[in-house]
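Read the structure below first, then the notes.
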Amino acid sequence: MSDTSTMGLFMISNPVFECYAFYGSILILKMIMMSFLTALQRFRKKVFISPEDTAISKGGGEIRYDDPDVERVRRAHLNDLENIPIFLITGLLLVASKPQVMIANNLFRIYTFVRIMHTISYAVFVLPQPTRAILFIAGAVINIIMVAYVILSMHYF
């Protein structure tokens with residue numbers, strides 16, 4: 001395989017890479033937005049982690065590390081930080097393995113949907129278990145499917 005054809009895999013003209021770039025960007029933006037959601041929750045509850053942070057809040061605030069609402073949003077963000085980078089790496093490997101367009105694009109779409117729904121069910125509108133567990137498992141299964149596809153398509157037995 002020539003370098004030109006390999007490089008062509010990672011261009012917008014490749015529909016699998018285009019889909020990966022689109023949904024990967026949504027997930028990256030989602031992770032960034034979780035920081036703002038945490039800050040919003042801190043200001044709403046007037047609960048901060050540093051004394052200097054209370055100075056920028058009208059009406060002051062308190063230093064606390066255990067507010068359940070703030071911690072729930074932080075845990076949702078941490079969950080993203082533990083799972084989305086794996087998807088971003090695995091998705092890039094999947095693009096390199098030249099998968100069928102429909103299969104790869106649907107995996108990217110479903111994973112993105114699942115992660116957004118996971119955050120909503122965890123940090124925005126708290127839903128009872130096993131909702132969040134099912135969403136987490138669905139995302140993990142998608143990553144496993146992508147890894148298996150990469151291994152099977154790129155390793156010569």
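The values are calculated or read from the model by the stated rules, or taken from the named source; none is laboratory data. Computed from a predicted model, the values in this text were never measured in an experiment. Note that each Cβ is placed from the backbone with ideal geometry, even for glycine, and that neighbours are counted across all protein chains shown. Heads up: the accessible areas ignore ligands, DNA and RNA and are worked out on the full protein's heavy atoms, side chains in. Shrake-Rupley method; radii C 1.70, N 1.55, O 1.52, S 1.80 Å.
From (1) open to solvent by 90 Å² or more (accessible area, probe 1.4 Å); (2) in contact (Cβ under 8 Å) with a residue 40 or more places away in the chain; (3) within 23 Å of PHE136 (Cα to Cα), pick out the condition that doesn't hold for ASP80.
(1)
Anything in segment 85-138 that is open to solvent by 40 Å² or more (accessible area, probe 1.4 Å), closer than 18 Å to MET154 by Cβ and not in a helix (DSSP H, G or I)? List them, or say none.
LYS98, GLN100 - these are the residues of segment 85-138 that are open to solvent by 40 Å² or more (accessible area, probe 1.4 Å), closer than 18 Å to MET154 by Cβ and not in a helix (DSSP H, G or I).
Note down all Cβ pairs under 8 Å where the first residue falls in segment 6-30 and is under 30 Å from VAL124 (Cα atoms), the second is open to solvent by less than 50 Å² (accessible area, probe 1.4 Å) and among the β-branched types (Val, Ile, Thr), and they're at least six residues apart or on different chains.
What qualifies is TYR20/VAL95; TYR23/THR112; ILE26/THR112; LEU27/ILE84; LEU27/THR112; ILE28/ILE84; LYS30/ILE84; LYS30/THR119.
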